[in-house]
Amino acid sequence: MNGTYRLEMENGDAVAAVRGFLQKLLGSAAVHALLAPMHLPMKSMVMPSLATRSDRLEGVDPLAPCFPLNAARIASRLARKPMGARWAAVLRPCEVRALVELAKLKQARLEEVVLISVDCLGAYSNTDYLAHAGSDPSAATGSFLRRALAGDPMDPPLAAACRVCEFPVPPHSDLHIGLVGAVESGALLLEARSPAGRELIDALGLPPAPAPAARAAALAELTARRGSARDAMFAQTRAAIDGIDQAAAYFADCINCYNCRVACPVCYCKECVFVTDVFNHEPVQYLEWAGRQGVLKMPTDTLFYHLTRLAHMSTACVGCGQCSNACPNDIPVMELFRTVAHDTQRAFGYEAGRDPQEAPPLSTFRESEFPEVVGVQRRSTAG
């Protein structure tokens, strides 16, 4: 039940147009609550906030180039059990994809939530965003949008994960707000992508309108540019981890703070094996290991920790970059996880967050998978 509509802008103000749309949506009682990025009243930072009154959305700004955390984990907390009311979540494409993966892992229910996505033009690091926002964050968002949509170089540069993300639009959501190839027409694009999204639009009485003719080509150009940067990153990362010694050097600065695990939206275990007594080694063991090698890097198990996370999460990684964002020592965690996840998901013919109905790898048996590994050949049905 796809349909497209215009969201009119006054004086080219996309931030005000999106804010007004969300205020009307919450005020119409089409949803009982709205989870959306909002500027904190005491600071310019943007954080996920749950609102039940439209008059409290004056600080909402899903277009801000600010990404302090992946809100899929917040949304999964709200969707873990029935809420008893329909609510909406405004999420970046990588957040939508992460929430879809969490739903597949039985960490969230999508029955009550309406997913609203927005064209993602990227985000700055946390410190760069605060410097960019200054004392007028709404105006700063408008300035960022004009430069990003015009293809101007970003100074400071966007976060590394955003520069290589080929998903400015998520494969799945109920309602999508489009900017790329649309703002030139004086309006944003509203796209109903499901019956639930169409119901929200109908509640507001918006008339249908065709998608801007320039949008498809503009999105294709943006995706191709990011895809080229992604492939260059893959090549550089593969060269950097070509062998166990190089992999150890890659994570040499790791201090086992586990921030990357905490920040990862799809790392969902209630208790991680690395924070149990399994890796609380006896003092004599450390002495023995140091005795064998002459010197022992402390803390130990850092490389094993990252390899374990890769084995657990590479099929579900959405490349949001929050692992690198949370690292105190600036280890390029995202680059490695994206590289390995790309190869892993391609091997399974899978794409994290693509389809809520698509079973995750390793959760089902497929006779046709990896016959060169398991030695199973499909029997011919001919004759």
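This table checks each residue for (1) closer than 23 Å to residue 334 by Cβ; (2) in a loop (DSSP other than H, G, I, E, B); (3) out of contact with any helix residue (DSSP H, G or I) (no Cβ under 6 Å at 6 or more places or on another chain).
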position: 170; (1), (2), (3): yes, yes, no
position: 199; (1), (2), (3): no, no, yes
position: 213; (1), (2), (3): no, yes, yes
position: 225; (1), (2), (3): yes, no, yes
position: 230; (1), (2), (3): yes, no, yes
position: 235; (1), (2), (3): yes, no, yes
position: 239; (1), (2), (3): yes, no, yes
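Which count do you get for residues in the stretch 198-244 that are small (Gly, Ala, Ser) and surrounded by fewer than 13 Cβ atoms within 10 Å (Cβ to Cβ)?
Matching residues across the stretch 198-244 total 11.
Given the criterion in contact with a strand residue (DSSP E or B) (Cβ under 6 Å, 6 or more places away or on another chain), in the same structural domain as residue 27 (by TED's automatic domain parsing) and within 22 Å of residue 33 (Cβ to Cβ), identify the matching residue among 211, 187, 192.
Exactly one residue qualifies, and that residue is 192.
Considering each of 88, 75, 79 in turn, give the residue that is small (Gly, Ala, Ser) and in contact with a Lys or Arg (Cβ under 8 Å, 6 or more places away or on another chain).
Of 88, 75, 79, the one residue that is small (Gly, Ala, Ser) and in contact with a Lys or Arg (Cβ under 8 Å, 6 or more places away or on another chain) is 79.
Within the stretch 58-100, restricting attention to residues that are part of a loop (DSSP other than H, G, I, E, B) and of a type in the set (A, V, I, L, M), which residue is surrounded by the fewest Cβ atoms within 10 Å (Cβ to Cβ)?
Checking each candidate, the answer is 85.
Which of the following residues is surrounded by fewer than 14 Cβ atoms within 10 Å (Cβ to Cβ), at pLDDT 90 or above and assigned to a helix (DSSP H, G or I): 330, 343?
After ruling out the rest, the residue left standing is 343.
Any residue at all in the stretch 355-372 that's closer than 24 Å to residue 159 by Cα and either modelled with pLDDT of 95 or more or within 17 Å of the chain's Cα centre (by Cα) (or both)?
No, there is no match, as no residue in the stretch 355-372 is closer than 24 Å to residue 159 by Cα and either modelled with pLDDT of 95 or more or within 17 Å of the chain's Cα centre (by Cα) (or both).
The values are calculated or read from the model by the stated rules, or taken from the named source; none is laboratory data. Keep in mind that what you see is a predicted model, and the values were worked out from it rather than measured. When we count neighbours, we look across all protein chains shown, and the Cβ atoms used for this are built from the backbone with ideal geometry, even at glycine.
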